[in-house]
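Here is the structure we will look at.
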Amino acid sequence: MEERAQRVSNLFNDLNGWVIAEIILSIVLVWVFIKATQKILPWVSEFLPAKLRNLSLNSVPVLRVLALLFLVIWIVPLVFNITLQNFVFIAGAMSVAVGFAVKDLASSVIAGFVALFEKPYRLGDWIKIGDDYGEVVTIGMRAVQIRTPDDNVVTISHDRIWTDNVLNANDGFGTLMCVATFHVAHNQDTSDVAELLRMVGKTSPYLNLDRDVIVVAENETCCTVYKLKAYPFEPRNQFAFITDMTERGNATLRNAGIRAATVSDEIISGSAKSSN
């Protein structure tokens, strides 16, 4: 019994007032540093071009991890008498209990470290996990937060990357593809539709001039589906860009005498009767 008590006492250093003050001061400094980077870097990024903004935002979680590692490396030798024997003793005593207690948390934290290196998402990326789509605004140790188009903030645990696909619309780049869809009726001359829609995309004020404008057509049973694909200058403009292309595309086709596909009154009345 005395031997075990002696072994436990040997694990810790003598904590005097200066050591306690040093521990508290280091914790406060690291906390201030983390909070400052979380506030200052996103604010600075708003004044930077898209590429530099993504770089500035992506440095926030990396700096936080480095700061926490620095804090651990600084405090542990102050509190514990670090020897190989003591390390093995502590690890063996805590591993089982901690493993069961924080199994889910540990999975999320490990997934967070994996995400830092594999980068399935970064700050400023537009991602979709499950049914949630939005811009990544925070990457924490346990979870990622995204802001949806409805201005809701959704918190998603990092361990979702083990089981769910992660759709990344821009993957760290300063732009992403936007698609405006048009349904054109059959039995009419559609030879000019693709070029008309291409000009709609090229004349949009949101267009990124460094990327091509593409029009893809597919035959469906009731109509021909045209997809106007282009890249906005800023990912945050994607919804305004799609709206602009859709509205001007519809007006352009209408002015050119191109008829849009419509659902006939017979089909509408038939579907209404079936629902009743």
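Exactly one residue out of ILE20, ILE34, ILE27 is assigned to a helix (DSSP H, G or I) and open to solvent by less than 40 Å² (accessible area, probe 1.4 Å): that is ILE34.
Every residue, every condition in (1) open to solvent by less than 40 Å² (accessible area, probe 1.4 Å); (2) under 22 Å from ALA67 (Cα atoms); (3) of a type in the set (Val, Ile, Thr), yes or no:
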residue: ASP104; (1), (2), (3): no, no, no
residue: GLU118; (1), (2), (3): no, yes, no
residue: LEU123; (1), (2), (3): yes, yes, no
residue: GLN145; (1), (2), (3): no, yes, no
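In the stretch 213-239, of all residues being assigned to a loop (DSSP other than H, G, I, E, B), at pLDDT below 95 and farther than 28 Å from ASP151 by Cβ, the one that is most open to solvent (accessible area, probe 1.4 Å) corresponds to THR221.
So ALA111 clears everything in (1) free of Cβ contacts under 8 Å to residues at least 60 places away in the same chain; (2) in a loop (DSSP other than H, G, I, E, B); (3) surrounded by 15 or more Cβ atoms within 10 Å (Cβ to Cβ) except one condition, right? Which one? With respect to (1) free of Cβ contacts under 8 Å to residues at least 60 places away in the same chain; (2) in a loop (DSSP other than H, G, I, E, B); (3) surrounded by 15 or more Cβ atoms within 10 Å (Cβ to Cβ), ALA111 is out only on (2). Within the stretch 154-210, the set of residues being open to solvent by 50 Å² or more (accessible area, probe 1.4 Å) and part of a strand (DSSP E or B) comprises THR155, LEU167, VAL179, THR181, HIS183.
Take the conditions (1) more than 28 Å from ILE127 (Cα to Cα); (2) open to solvent by 40 Å² or more (accessible area, probe 1.4 Å); (3) at pLDDT 70 or above; (4) not hydrophobic (A, V, I, L, M, F, W, C); GLU3 misses just one of them, which is (3).
The values are calculated or read from the model by the stated rules, or taken from the named source; none is laboratory data. Values in this document were obtained by computation on a predicted structure and should not be read as measured data. All Cβ positions, even for glycine, are placed from backbone atoms using ideal geometry, and neighbour counts span all protein chains on display. What goes into the accessible areas is simple: the full protein's heavy atoms, side chains included, and nothing from ligands, DNA or RNA. Shrake-Rupley method; radii C 1.70, N 1.55, O 1.52, S 1.80 Å.
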